[in-house]
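Right, one structure below, let's go through it.
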Amino acid sequence: MAGVRDAAQYRSQLRALLPSGPAWDPDLVPELEKILMGMSLELARIDARAFDLINEMDPSSVNELVSDWEQVMGLPDPCLGAAPAFEDRRLAVRQRLVAVGGQSTAYFVELAIRQGYPEATITEHRAPRFGRSRFGQAHFGTWAAQFMWTLNSGPRRRLGRRFGASFWGERFGTNPSGALECVIRRGAPAHTIEQINYGVID
């Protein structure tokens, strides 16, 4: 790790700081070397942990303090379920920090992509209007259609856990769609009616 001193470097530094005189000569007082070794090991450990703390201050590299970041950011996200995987929790911390929200079609497509649907699209339903609707080109419906839209998920990437790429305690082969429905419906404008048209798993 760049910028972190190891025990040997701290031992050399401690030796250089010793006062002059026979009482501080490692050759004449061999016990002194043991003291320097113990101190250098502890200083190197503290230095490494301080470097780890710097990394934990950035959500993009957080690992040990995920639960602390969750308290600050109002996580874990209920859309992830009652017992989300650690990787999902860490990703939620990173996304929550940079999330800006939105009501555009591009925003909801991006939400679907994050949930593993790279080919997601949005279909906006239009209410019939005289002079703008054409036979064969527009679907006729009620006036409420102007507030309806459909997320076409498209095929989903296989994101379930698999042997050799998971850790003990994770479920195998799970790929729930509940998270997608939760994040889409939570972010949808209050006056709209959203639908989700699922595709097949790729």
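What follows is calculated from the coordinates using simple rules that are stated; it is not laboratory data. Predicted model only: the values in this text are computed from it and were never measured. Please note: Cβ atoms are built from the backbone with ideal geometry, for glycine as well, and neighbour counts cover all protein chains shown.
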> In nm, to one decimal, how far is the residue 4 label point from the residue 20 one, both placed 7 Å along Cα→Cβ?
Replying inline: 3.8 nm
>> Sort 180, 75 by Cβ crowding within 10 Å, fewest neighbours at the top.
In response: 75, 180
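Could you estimate the translational diffusion coefficient of the stretch 7-56 from the Stokes-Einstein equation, with Rh from the Kirkwood formula over C-alpha pairs, at 25 °C and 0.890 mPa s, in whole µm²/s? Mind dumping the intermediate values first?
On the way: Rh = 11.8 Å.
Rounded to a whole number, D works out at 207 µm²/s.
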> Got a sec? How would 107, 117 order by Cβ neighbour count within 10 Å, fewest to most?
Replying inline: 107, 117
